[in-house]
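Below: the structure, in structure tokens.
The values are calculated or read from the model by the stated rules, or taken from the named source; none is laboratory data. All figures in this text were calculated on a predicted structure; none of them were measured in a lab. As a convention, Cβ positions derive from the backbone with ideal geometry for all residues, glycine included, and neighbour counts pool all protein chains shown.
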Amino acid sequence: MTKRYDAVVIGAGHNGLVCAAYLARAGKSVLVLERRHLVGGATVTEEVFPGFKFSVCSYVVSLMRPRIISELDLPRFGFELLPLDGTLSPTPDGDYLMRWHDAEETRRELARFSTADAEAYEQFGKLMYHLAMTVRPMLSATPPDPSSLAPANLAALASVGKTFGRNADHLYDLAKLMTMSSADFVEEWFESEPLLGSLSASGIIGTFLGPRSPGSAYVMLHHYMGEIDGQFRAWGLPRGGMGAVAESIAGAARSFGAEIRTAAPIERILVENGTARGVVLEGGEEVRADTVVSSLDPKRTFLGLVGAEHLDDEFVSAIKRYKIRGSSGKVNLALDALPRPTCLEGIEHKTGFPAESYLRGAISISPDIDYLERAYRDAKYGRFSRRPYMDIVLPTLADPSMAPPGKHVMSIFVQYAPYELAEGTWEQQREAFGDTVIDTLADYIPNLKDIILHRQVITPWDLEQKFGLTQGNIFHGELSLEQLFFLRPVAGWADYRTPLKKMYQCGSGTHPGGGVMGAPGRLAAQKILAEGA
Amino acid sequence: MAVGTPFHPRTSALNKSLNWRHWSGYFTAGCYHDFIQPEYAAIRNKAALIDVSPLYKYSVEGPGATALMQRVFTRDVSKCSPMQAIYTPWCDSGGQVMQEGTVFRLDDDSYQVNAAEPTMRWLRLNSAGLDLTIADRSAAVAALALQGPTSRRILNACFDGDVDGLRFFHLVAGTIGSVPVTVSRTGYTGDLGYEVWIPADRAIAVWDALLDVGQPHGITPCGILAMDVARVEAGFILIDVDYISAERALIPEHTSSPYELGLGWAVKLDKGNFVGRDALVAESARGAGRRVVGICIDWEPLEEIHAADNLMPDLPQLACREPVPVYAAEGQVGRVTTRCWSTLLKKYIGIATVEACYASPGTAVEMELTVNFRRRRVPAAVVQLPHFRPPRMRE
Ligand SMILES: Cc1cc2nc3c(=O)[nH]c(=O)nc-3n(C[C@H](O)[C@H](O)[C@H](O)COP(=O)(O)OP(=O)(O)OC[C@H]3O[C@@H](n4cnc5c(N)ncnc54)[C@H](O)[C@@H]3O)c2cc1C
């Protein structure tokens, strides 16, 4: 007789691991089953080329909830964030805009383009601070159902109301943010192209929207509200790559007694009389558990593992309608030397600071809003962008352990790469996509092609095949208003429960959504424990 | 990264202590010596030469310039003659102070606004419909404060403008060497002193000339830490230390009106409309709820508390900017925002914000102080600001 668990968690992405850790901490016997040979899901480090370690998918941390870091004591298990200082936005004419960690220095850089922008920047930061403060409590709470009159639910609604009340002055701005395009939102504040470009770019990451599409402004906030050490909008590089984040959560989970099995793909969830009873692995092995938790995206969970036959039609069609279009790809490079962007030629002479200091943050290829919108237009008609938006980091500058001495790795997040191509398949187009990325970037970094030792190109199709992200959507479903908060993933099922008894969801397809945040995993565990699992 | 001011080649050669502070994104010398006393003493006894280039400077010119000044500032700029300066706060529409600074009237339609924080945006926002141009001159204009009793003699020895005839808060143009400069009789030390406004590309020549002729008069390059002590003695508030700019404040409780800052004298409600006037009319009728005041910690109890632990009183030689609570019998009634030991007055003094009913001079309060790692309360008195103001400042 095989062991029977209190809970089995499907998928060892960071959310599945967080959920398992909290359940185990509460004394439950927990088994996590992961399809791949390693834990982490979209939060992994892999040695793709000998000696070079890539954060293959996600690459920077900010959204990870401080509560989780402290409650699970993640630093004890290897969680360490290294600073990412600033954002360099090269412009096509060989100039650049640098936004540093330090406000005064940023102001000076911005003033080269516009004094008005330089001064408005701090005020904009203040507005975003307040908006982030407004949504912050919601990142740690299960969304209340506005249609339910249950007392606990009313209390939760009241607490949302209280947060809004405390931030009443900013409700107009919040309404704007929720409905506007990121371009319109930032154009209310600024005038210089490189600033508008790089700010509005954070509104398109992971979404199938352009900077001029309504709704993209909220995505900006999603990328702004992360916090490190009490500071909003701070992003960090995990030492050892993103995999170290997942490993640390796995370490915490194991310390509480959770078991984690890799190379254990689930084929289906066992359902008897509308109740989840366990899972069946590929190959037929059955694992029985009192509670089944899925960290996969809603489509994969319900249409794949559960099966429409166990669900009512209305729910099934809601899940089918759930938007999960992929829009992003990734190119990871092993480099023989440090890239030398044109805009940093002679920089040490001009400013007194070595070029390297400008590369310790993110590099954003987003020269202006039209550039981004054109990139989107390509994708709308089924092509990858001819001139894509790119968000780049060089983790080796902070963490030399990622490559042999003197060598570097470069992580290039690329948009747009639509899942559905108008012509050909992604397998046929993969290298052409990689070439486009490198060609575009080489315009800004002339020595790039000479220093590439290896390149890994990841398309939305690869994200789906290899990482199990349906349609390659990085957030397990778009962060659009109609599928956020009490609507994520679908109305009526935002509290981590599912139509099946004894079955829950805990992945990025649930509130508060995608990103390396851990909040869905933690909130799901709380719900499961509260329901007396 | 922070950068040097136009004087950096000189200040960096002198700053052997490597004590640098960041000021508006510039490196400024905190203290050239190992300790601030020689520099502080220069402010009060000789002449201190202080690089204040990081100040923000804007020129406002054109037929609409005076109207903008009247719209933005709480003081009546029409009362300010050409080549005169005024000190004034400016407020947001809720009457909460955004900044305070000096405004130079250079001519009927020409002004220079000097501010601690950027203010271009605010000037522009308020200049709708006015015929004027605003230029950010912050980087183009270098500035030196020459402060102390011998400063007049030094300027007389190298500057061709009329220094002896230059009254407090007035300006005069002229040259030092061949460099055209403007000299204002202003400063942040509460002493006799001047500020010299210099084209940035000629800055070094003026520094050299001043140090050269200043030698016999004891001219001493001085860092901003000594100036910080001098300004506490002089009772000058500092933005983001003694109050928070309404622009930066995150919650309403963090903002302050001019009345609360003790700047009610600089609010001219009858001069016509200006930004924040409605709110200030209401507040002047109601009275400010709290007040910036001077505070002076009683010596004897301070000494006794320390002596009980076999310690000498621990006196802050640098201005300490960590706010500490002020208590009365009812509980906390305010905070001390800056405090220091005045070597001149031999008093432990500070600048505090207290509820209005505790603001009258002589009110006995207590200040929190950590002595021997234990939180204690030391008796203190509310006092009138300034703590120190020599007649030579204005004479
Ligand atoms: C290219 C890319 C870049 C990104 N960049 C960032 C970033 O820089 N910062 C950030 O915060 N976020 C980023 N994200 C988003 C973030 O990585 C994801 O939202 C997050 O990692 C999702 O975590 P999860 O635990 O919810 O799901 P996942 O990580 O997707 O975990 C699900 C797990 O389930 C496993 N699984 C799938 N099917 C089965 C099965 N049948 N049986 C068993 N196991 C199964 C998968 O292998 C996976 O391990 C990025 C994502 C991508 C793809």
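So which residues in the stretch A:73-93 are assigned to a loop (DSSP other than H, G, I, E, B) and either polar (S, T, N, Q) or at positive phi (or both), if there are any at all? It would help to see each step written out before you state the result.
Going through the stretch A:73-93, the residues assigned to a loop (DSSP other than H, G, I, E, B) turn out to be A:73, A:78-80, A:84-86, A:91-93.
Within the stretch A:73-93, A:ASP73, A:GLY78, A:GLY86, A:THR91 meet the criteria.
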Looking only at the stretch A:87-100, decide whether some residue is within 16 Å of the ligand (Cβ to nearest atom) and out of contact with any strand residue (DSSP E or B) (no Cβ under 7 Å at 6 or more places or on another chain). no
Can you go through A:ALA264, A:ALA318, A:ALA244 and tell me which one is in contact with a Leu (Cβ under 9 Å, 6 or more places away or on another chain) and touching a residue at least 40 places away in the same chain (Cβ under 8 Å)? A:ALA264
In this structure, is B:THR66 within 14 Å of another protein chain (Cβ to nearest Cβ) and of a type in the set (Val, Ile, Thr)? no
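In this structure, is A:ALA168 within 14 Å of another protein chain (Cβ to nearest Cβ), over 26 Å from A:TRP493 (Cβ atoms) and of a type in the set (A, V, I, L, M)? Don't jump to the end; show me each part of the working.
Details: within 14 Å of another protein chain (Cβ to nearest Cβ): yes; over 26 Å from A:TRP493 (Cβ atoms): yes; of a type in the set (A, V, I, L, M): yes.
It is true that A:ALA168 is within 14 Å of another protein chain (Cβ to nearest Cβ), over 26 Å from A:TRP493 (Cβ atoms) and of a type in the set (A, V, I, L, M).
Find the strands (runs of 3 or more DSSP E) located wholly in the stretch B:64-176 whose residues include 3 or more that are crowded, with 16+ Cβ neighbours inside 10 Å, and list them. I'd like the intermediate steps shown before the answer.
Numbers: elements: B:84-91, B:97-107, B:110-115, B:133-136, B:141-147, B:171-176.
Filter on the stretch B:64-176 gives B:84-91, B:97-107, B:110-115, B:141-147, B:171-176.
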From the list A:ARG288, A:ARG233, which residue is away from the ligand (no atom under 14 Å from the Cβ), among the charged types (D, E, K, R) and surrounded by fewer than 21 Cβ atoms within 10 Å (Cβ to Cβ)? A:ARG288
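Residues checked against (1) away from chain B (no Cβ under 11 Å); (2) closer than 30 Å to A:ALA263 by Cα:
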position	(1), (2)
A:TYR59	yes, yes
A:PRO66	yes, no
A:PHE79	yes, yes
A:GLU104	no, no
A:GLU119	no, no
A:PRO137	yes, no
A:PRO144	yes, no
A:LEU149	yes, no
Counting only residues in the stretch B:278-307 that are over 28 Å from the mean Cα position of the chain (by Cα) and within 22 Å of B:LYS346 (Cβ to Cβ), the one surrounded by the fewest Cβ atoms within 10 Å (Cβ to Cβ) is identified as B:GLU300
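Among the strands (runs of 3 or more DSSP E) confined wholly to the stretch A:273-374, which include 3 or more residues that are among the charged types (D, E, K, R)? Steps first, please.
On the way: elements: A:275-281, A:286-294, A:328-335, A:362-365.
In the stretch A:273-374, the matching strands (runs of 3 or more DSSP E) lie at A:286-294.
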Please state which of the following conditions B:PHE274 fails to meet, knowing it meets all the rest: (1) of a type in the set (Phe, Trp, Tyr); (2) buried (at least 20 other Cβ atoms within 10 Å of the Cβ); (3) assigned to a strand (DSSP E or B). (3)
Can you go through B:VAL113, B:VAL77, B:VAL103 and tell me which one is under 23 Å from B:LEU166 (Cβ atoms) and within 14 Å of chain A (Cβ to nearest Cβ)? B:VAL113
Extreme residue, nearest to the other protein chains (Cβ to nearest Cβ), among residues of the stretch A:121-130 that are surrounded by fewer than 21 Cβ atoms within 10 Å (Cβ to Cβ) and under 20 Å from B:ALA2 (Cβ atoms): A:GLU122
Looking at A:LEU487, A:LEU453, which is the one that is at pLDDT 95 or above and not aromatic (Phe, Trp, Tyr)? A:LEU453
The stretch A:58-72 - residue that is modelled with pLDDT under 95 and assigned to a loop (DSSP other than H, G, I, E, B) and, of those, farthest from the ligand (Cβ to nearest atom): A:ARG65
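Within the stretch A:254-274, restricting attention to residues that are away from the ligand (no atom under 13 Å from the Cβ) and touching a helix residue (DSSP H, G or I) at 6+ places or on another chain (Cβ under 6 Å), which residue is nearest to the other protein chains (Cβ to nearest Cβ)? If you could, list the steps in order and put the result at the bottom.
Here is the first cut: in the stretch A:254-274, the residues away from the ligand (no atom under 13 Å from the Cβ) are A:254-259, A:270-274.
From what's left, touching a helix residue (DSSP H, G or I) at 6+ places or on another chain (Cβ under 6 Å): A:256-258, A:271.
Numbers: A:PHE256: 38, A:GLY257: 42, A:ALA258: 40, A:VAL271: 51 Å.
Among residues in the stretch A:254-274 that are away from the ligand (no atom under 13 Å from the Cβ) and touching a helix residue (DSSP H, G or I) at 6+ places or on another chain (Cβ under 6 Å), the one nearest to the other protein chains (Cβ to nearest Cβ) is A:PHE256.
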Considering only the stretch A:453-465, I want to know if a residue exists there that is more than 16 Å from the ligand (Cβ to nearest atom), hydrophobic (A, V, I, L, M, F, W, C), in contact with a strand residue (DSSP E or B) (Cβ under 6 Å, 6 or more places away or on another chain) and under 30 Å from A:LEU97 (Cα atoms). yes
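Residues are listed down the side, and each one gets a yes or a no for (1) more than 15 Å from B:GLY235 (Cβ to Cβ); (2) of a type in the set (Val, Ile, Thr); (3) part of a strand (DSSP E or B):
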residue	(1), (2), (3)
B:VAL326	yes, yes, yes
B:GLN332	yes, no, yes
B:ARG335	yes, no, yes
B:THR338	no, yes, yes
B:LEU345	no, no, no
B:THR353	no, yes, yes
B:CYS357	yes, no, no
B:SER360	yes, no, no
B:VAL365	yes, yes, yes
For A:PHE77, which of the numbered conditions (1) closer than 28 Å to A:GLY346 by Cβ; (2) of a type in the set (Phe, Trp, Tyr); (3) under 26 Å from the mean Cα position of the chain (by Cα); (4) modelled with pLDDT of 95 or more fails to hold? (1)
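Here are some residues: A:VAL490, A:VAL516. Which one is more than 14 Å from the ligand (Cβ to nearest atom), more than 14 Å from chain B (Cβ to nearest Cβ) and assigned to a loop (DSSP other than H, G, I, E, B)?
On the way: A:VAL516 fails: more than 14 Å from the ligand (Cβ to nearest atom).
Exactly one of A:VAL490, A:VAL516 is more than 14 Å from the ligand (Cβ to nearest atom), more than 14 Å from chain B (Cβ to nearest Cβ) and assigned to a loop (DSSP other than H, G, I, E, B), namely A:VAL490.
Suppose we filter A:ALA217, A:ALA258, A:ALA234 for residues that are aliphatic (A, V, I, L, M) and modelled with pLDDT of 95 or more; which single one remains?
Details: A:ALA217 fails: modelled with pLDDT of 95 or more; A:ALA234 fails: modelled with pLDDT of 95 or more.
Only one candidate qualifies: A:ALA258.
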Residue under question is A:GLU348, and the condition is that it be of a type in the set (Asp, Glu) and within 14 Å of chain B (Cβ to nearest Cβ); does it hold? yes
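Of the residues B:LEU280, B:LEU311, B:LEU315, only one is in contact (Cβ under 8 Å) with a residue 24 or more places away in the chain and in contact with a Phe, Trp or Tyr (Cβ under 6 Å, 6 or more places away or on another chain); which?
Details: B:LEU280 fails: in contact with a Phe, Trp or Tyr (Cβ under 6 Å, 6 or more places away or on another chain); B:LEU311 fails: in contact with a Phe, Trp or Tyr (Cβ under 6 Å, 6 or more places away or on another chain).
Criteria check complete, one pass: B:LEU315.
Which residue, of A:TYR22, A:TYR5, is more than 9 Å from the ligand (Cβ to nearest atom) and in contact with a Leu (Cβ under 6 Å, 6 or more places away or on another chain)?
Numbers: A:TYR22 fails: in contact with a Leu (Cβ under 6 Å, 6 or more places away or on another chain).
It is A:TYR5.
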Kindly list the number of the only condition in (1) under 23 Å from the mean Cα position of the chain (by Cα); (2) buried (at least 17 other Cβ atoms within 10 Å of the Cβ); (3) modelled with pLDDT of 95 or more that fails for A:CYS343. (1)
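Please state which one of A:GLY51, A:GLY41 is away from the ligand (no atom under 16 Å from the Cβ) and at positive phi.
On the way: A:GLY41 fails: away from the ligand (no atom under 16 Å from the Cβ).
Every option except A:GLY51 fails the conditions.
Residues to consider are B:LEU125, B:LEU132, B:LEU106; find the one that is free of Cβ contacts under 8 Å to residues at least 24 places away in the same chain and not assigned by TED's automatic domain parsing to the domain that holds B:GLY174.
B:LEU125
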